[in-house]
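The values are calculated or read from the model by the stated rules, or taken from the named source; none is laboratory data. The structure presented is a predicted model; accordingly, all values stated were derived computationally and were not measured. Counting neighbours? That spans all protein chains shown, and the Cβs are built from the backbone with ideal geometry, glycine included.
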There are 2 protein chains.
Amino acid sequence: MRAIPNLLGTTLAASLLLAPAAQAAEATRIPDAVVETATQLRETALASDLGYRITESLTTEIGPRLPGSEADARAVQWAKAKFEALGYDKVWLEPVTFPKWERRSESARVTGRYAQPLSVTALGGSPGGTVEAEVVRFPDLAALEAAPAGSLDGRIAFIDYKMERARDGSGYGPGSRVRSRGPSAAIRAGAIGYLMRSAGTDSHRNPHTGITRFDEGLEPIPSAALSVPDADQLARLLALGQPVTVRLALDCGWDGEATSHNVIGEITGSSKPDEVVLIGGHLDSWDLGTGAIDDGAGVGLTMAAGKLIGDLDRAPARTIRVVAFANEEQGLWGGKAYAEKYADEVRKHQIAAESDFGAGRIYAISTGAPDYAQGAVKRIAQVLAPLGIEYAGDRGGPGPDISPFAAGGLAWARLAQDGTDYFDLHHTPDDTFDKIDPAALAQNVAAYAVFAYLAASAEGDFGSGTKADADGDADGK
Amino acid sequence: MRAIPNLLGTTLAASLLLAPAAQAAEATRIPDAVVETATQLRETALASDLGYRITESLTTEIGPRLPGSEADARAVQWAKAKFEALGYDKVWLEPVTFPKWERRSESARVTGRYAQPLSVTALGGSPGGTVEAEVVRFPDLAALEAAPAGSLDGRIAFIDYKMERARDGSGYGPGSRVRSRGPSAAIRAGAIGYLMRSAGTDSHRNPHTGITRFDEGLEPIPSAALSVPDADQLARLLALGQPVTVRLALDCGWDGEATSHNVIGEITGSSKPDEVVLIGGHLDSWDLGTGAIDDGAGVGLTMAAGKLIGDLDRAPARTIRVVAFANEEQGLWGGKAYAEKYADEVRKHQIAAESDFGAGRIYAISTGAPDYAQGAVKRIAQVLAPLGIEYAGDRGGPGPDISPFAAGGLAWARLAQDGTDYFDLHHTPDDTFDKIDPAALAQNVAAYAVFAYLAASAEGDFGSGTKADADGDADGK
């Protein structure tokens, strides 16, 4: 948990010398008067299928939404129209420009005595190209990183690391590092191609894609993920003790720049309309599935939460801002653009929470808020408790698209979803609408609605801007 | 259950006039002396991973085995070598010739305002071709069959029938009829393309292939199965009320004839070597998966059962014949060739059982044997009981490859596997080795070993040839 910040020594803090001292002394609190409304809002949300229907609409009518694609542009128009149809007070687009990556075709097969096809998908960011070479297996990233330069000359490196299943997704750290760092390690050892066991916990012939990167100065090589059963198969073939050759053929790559948009809808606050509570998800998806759990659900449930707050007789004090972020998948482009655009307005953001971990039930709430605001968080947690949600201090961190802004001092909350099954589906063709449980999604809508409504009604702040001020005026430049 | 047969009036029966009368009066029985050996055999098989390892070898080293493909030919050589390595007394090949069907590429996408890809696979037997047209949905086969001629002119028919999950696979009858009869019904109504919800019970983006046929006089049209989530998606799109167009592009079709082989291994009987108990599975598979549950497991577990019988100090009275049948998937070609070749030897076949319903645990044994042999079947069931297997009278019928011969009078047994999950995997890319539970497979090996050993040791018969004799000498021509 973060200590009460020292606000002295910064320009902004200096100009507010007396006020912050009072803030630090006075705890942030949730007025009793709004708790009853929040409780009713919770029950209304639980009984509503609005979040489910919005997610259905996005994933059905648009389908996959690779950043910069025609479908991505349709998704932006869909989001704008949906915000408007839901009666949001303000709706607008903010451009986000990024390099465009395209997948055209991909295939792999064992050649020679064990000839057979393998199910693969190119890693996002991989160049195209066709290589056919002997495969060398490594049990994990460290083993490949230890391979001497030249030891894989003319070979294909294969990391066979099995990602662990966990409710909080903690297996994804080591799993995704195999994807982000493996290709560069392979190149350093001389490999001409890279294969990895998917960073996934399922047992289906659906490989998991995801962005990779190549270190400066290295010549990128075709890099792909095998489905889990195909990684098993390749490992069994290699265990037979004979050389195994694979032909990997990828047609994909970077192709100029594209511009998409963060799509934003607001429910205007009743007394402090210039201050905002931000919730949202990301609008883009990988191309293999229809981006239902990643992150159609995040968009749908936060749009629904905002709409249900907008339906109240009286809006909360602050504005509810719902953001459908552009191009999260290939490098948090929407989140970075937002942080840059609003760098001077960190204090106007009361707190922010992004939903980007599937559509499972929420089991905990945590924040990076200072001690003086934890009482208010606990009060929110009390209203969330009937949903099976417990107070969890400062566990975890901000969602991906708010993390660039959180690094600049934005207060964040985490409504932790049960991700036990998330990596069965994540970044695969199987990320489709049928995987979403409507009751679990309604529970998410209820939690986000209650959280956003109460945070927007709080007396006092959750620490936005205070840490950055103390750390050196990051939001004042 | 079959009545005690009337054996008079046929050439063969006439020559055995006294013997059959004695048989009919005397019940077939299992000698007490062999039950102890069978019990030991059961425990040995339960503790062995031999069936699992044989299945691993086939599905790993060969992979998919589409009839007539290069891999199918490799599989034949694999089976011959495996029988020999296991120490079978006799091993040989019998040619099987059939039309060859090939899959080269396949894709589908929604075009127009909802543009997005769909996951499809061509039905076996489909012609190639590309069609783009409006889709018309039918809830089931009957609805399409009721469509008037011309009502689908220039359209694509889509049957959205949901197959039911059942332990005994009973949902597959109506499910597979949508595949076998749907295309012809679509053509009659004027359709230029055919789509169906996969005959499957899963929720993955892996469509289920399988053979279809076109009625005489109809011009075949491109015909494919959507994965279950894609069928859901297409149904949701159609429910929006706007026309939905799909482009279906298949490159596949019939291409001349091919010859593969039934591969046969025998453990020679100790006192009646000319009489055989037949067990087996089919060696071919569809091309999408590696044919693990369909039917690598059937081949592996029956090969292992025969080998474990061969390891006994003394072989049973009759010969154990294990058959790895060719091209079951596209029309029981191996089973038909076998029935034709051995048409004169039906009586030499004591009884036959094929394993072709996955790798789940066996829960029941049934036979088409006459009343005088049911006591012996019940005795076998007693030895199987500790495996969780119960006597089930004459429920069910023969496995697919023995059904042509059974129609000619062959006695059959059914060792019924739990198929609750079978149609999650059947004919999909997901039919891979990792789906097999080694303990369940060992239970299958134990059951087949006990069944085959005891049937081969029985005093008296299980009715082979008697029904055909009575029905008109089908095996005497």
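Quick check: is even one residue across the stretch B:465-473 at positive phi, part of a helix (DSSP H, G or I) and not assigned by TED's automatic domain parsing to the domain that holds B:L283? Yes, there is a match, as at least one residue in the stretch B:465-473 is at positive phi, part of a helix (DSSP H, G or I) and not assigned by TED's automatic domain parsing to the domain that holds B:L283.
Evaluation of B:E70 against the conditions (1) of a type in the set (D, E); (2) more than 11 Å from chain A (Cβ to nearest Cβ); (3) out of contact with any helix residue (DSSP H, G or I) (no Cβ under 8 Å at 6 or more places or on another chain) shows that the sole unmet condition is (2). Taking the stretch B:155-237 and the strands (runs of 3 or more DSSP E) fully enclosed by it, the elements with 1 or more residues that are touching a Leu at 6+ places or on another chain (Cβ under 7 Å), over 17 Å from B:S107 (Cβ atoms) and within 14 Å of chain A (Cβ to nearest Cβ) are at B:193-197. As a summary of the residue check, B:V96 satisfies the conditions (1) within 20 Å of B:E216 (Cα to Cα); (2) touching a Gly at 6+ places or on another chain (Cβ under 6 Å); (3) not hydroxyl-bearing (S, T, Y) except for the one numbered (1).
Only one residue in B:G291, B:G256 is on the phi > 0 side of the Ramachandran plot and either surrounded by fewer than 19 Cβ atoms within 10 Å (Cβ to Cβ) or of a type in the set (K, R) (or both). Which one? B:G256 is the lone residue from the list that is on the phi > 0 side of the Ramachandran plot and either surrounded by fewer than 19 Cβ atoms within 10 Å (Cβ to Cβ) or of a type in the set (K, R) (or both).
In the list B:A385, B:A373, B:A315, B:A305, which residue meets the criterion of being surrounded by fewer than 24 Cβ atoms within 10 Å (Cβ to Cβ), assigned to a helix (DSSP H, G or I) and modelled with pLDDT of 95 or more?
Result: B:A385 is the single residue among B:A385, B:A373, B:A315, B:A305 that is surrounded by fewer than 24 Cβ atoms within 10 Å (Cβ to Cβ), assigned to a helix (DSSP H, G or I) and modelled with pLDDT of 95 or more.
Scanning the stretch A:318-338 for residues that are assigned to a loop (DSSP other than H, G, I, E, B) and out of contact with any strand residue (DSSP E or B) (no Cβ under 6 Å at 6 or more places or on another chain), we see that the one that is nearest to A:V91 (Cα to Cα) is A:L332. Report yes if some residue within the stretch A:392-402 is under 30 Å from A:L226 (Cα atoms), within 14 Å of chain B (Cβ to nearest Cβ) and under 23 Å from the mean Cα position of the chain (by Cα); otherwise report no. No, the stretch A:392-402 has no match at all.
Return the pair list, or none, for Cβ contacts closer than 6 Å from residues in the stretch A:441-461 that are crowded, with 24+ Cβ neighbours inside 10 Å and part of a loop (DSSP other than H, G, I, E, B) to residues that are polar (S, T, N, Q) and at pLDDT 95 or above, at least 6 apart or on different chains. Listed pairs, sorted by first residue: A:A458/A:T28. Scanning the stretch B:73-99 for residues that are among the small types (G, A, S), more than 12 Å from chain A (Cβ to nearest Cβ) and in contact (Cβ under 8 Å) with a residue 24 or more places away in the chain returns B:A79, B:G87. Just for the stretch B:259-274: of the residues that are crowded, with 22+ Cβ neighbours inside 10 Å and of a type outside the set (G, A, S), which one is farthest from the other protein chains (Cβ to nearest Cβ)? So the residue we want is B:I267.
Close Cβ contacts (under 6 Å, 6 or more residues apart or on different chains) running from residues in the stretch B:35-64 that are on the phi < 0 side of the Ramachandran plot to residues that are not in a helix (DSSP H, G or I) comprise B:T59/B:T290; B:P64/B:S285; B:P64/B:D287; B:P64/B:T290. Considering only residues in the stretch A:4-56 that are in contact with an Asp or Glu (Cβ under 8 Å, 6 or more places away or on another chain) and within 14 Å of A:G465 (Cα to Cα), the one that is modelled with the highest pLDDT turns out to be A:Q23.
Can you tell me which residue within the stretch B:119-155, out of those that are out of contact with any Pro (no Cβ under 9 Å at 6 or more places or on another chain) and closer than 28 Å to A:L58 by Cα, is surrounded by the most Cβ atoms within 10 Å (Cβ to Cβ)? Explain how you work it out, then say what you get.
Of all residues in the stretch B:119-155, those out of contact with any Pro (no Cβ under 9 Å at 6 or more places or on another chain) come to B:124, B:132-133, B:136-139, B:142-155.
Okay, now just the ones that are also closer than 28 Å to A:L58 by Cα, so B:132-133, B:136-139, B:155.
Values: B:E132: 16, B:A133: 19, B:V136: 19, B:R137: 20, B:F138: 23, B:P139: 12, B:R155: 20.
Among those that are out of contact with any Pro (no Cβ under 9 Å at 6 or more places or on another chain) and closer than 28 Å to A:L58 by Cα, it is B:F138.
Pairing residues of the stretch A:208-237 that are on the phi > 0 side of the Ramachandran plot with residues that are in a helix (DSSP H, G or I) and surrounded by fewer than 24 Cβ atoms within 10 Å (Cβ to Cβ), at Cβ distances under 8 Å and at least 6 apart in sequence or on separate chains, gives A:G210/A:S176.
Does B:A45 meet the test of being more than 14 Å from chain A (Cβ to nearest Cβ), crowded, with 24+ Cβ neighbours inside 10 Å and either over 20 Å from A:S119 (Cα atoms) or under 21 Å from the mean Cα position of the chain (by Cα) (or both)? Considered against the rule, which asks whether it is more than 14 Å from chain A (Cβ to nearest Cβ), crowded, with 24+ Cβ neighbours inside 10 Å and either over 20 Å from A:S119 (Cα atoms) or under 21 Å from the mean Cα position of the chain (by Cα) (or both), B:A45 comes out as yes.
Within the bounds of the stretch B:409-416, is there any residue that is touching a Lys or Arg at 6+ places or on another chain (Cβ under 9 Å), over 25 Å from B:G173 (Cβ atoms) and charged (D, E, K, R)? Scanning the stretch B:409-416, I find no residue that is touching a Lys or Arg at 6+ places or on another chain (Cβ under 9 Å), over 25 Å from B:G173 (Cβ atoms) and charged (D, E, K, R), so the answer is no. For the stretch B:100-152, filtering for residues that are in a loop (DSSP other than H, G, I, E, B) and more than 14 Å from chain A (Cβ to nearest Cβ) leaves 14.
Quick check, is A:G125 of a type outside the set (A, V, I, L, M, F, W, C) and in contact with a Gly (Cβ under 7 Å, 6 or more places away or on another chain)? Against the criterion (of a type outside the set (A, V, I, L, M, F, W, C) and in contact with a Gly (Cβ under 7 Å, 6 or more places away or on another chain)), A:G125 does not qualify. Could you check how many residues of the stretch A:395-418 are buried (at least 24 other Cβ atoms within 10 Å of the Cβ) and part of a loop (DSSP other than H, G, I, E, B)? Result for the stretch A:395-418: 4. Scanning the stretch A:48-67 for residues that are part of a helix (DSSP H, G or I), within 11 Å of chain B (Cβ to nearest Cβ) and aliphatic (A, V, I, L, M) yields a count of 0. Candidates in the stretch A:403-446 are the residues that are charged (D, E, K, R) and more than 18 Å from A:Y52 (Cβ to Cβ); of these, the one that is nearest to the other protein chains (Cβ to nearest Cβ) is A:D430.
Within the stretch A:295-333, can you find the residues that are in contact with a helix residue (DSSP H, G or I) (Cβ under 6 Å, 6 or more places away or on another chain) and of a type in the set (G, A, S)? Matches in the stretch A:295-333: A:G296, A:A297, A:G300, A:A304, A:A305, A:A317, A:A324, A:A326. Considering only residues that are crowded, with 19+ Cβ neighbours inside 10 Å and either within 10 Å of chain B (Cβ to nearest Cβ) or touching a Leu at 6+ places or on another chain (Cβ under 8 Å) (or both), look in the stretch A:238-253 and name the one that is nearest to A:E94 (Cα to Cα). Taking the candidates together, the pick is A:L248.
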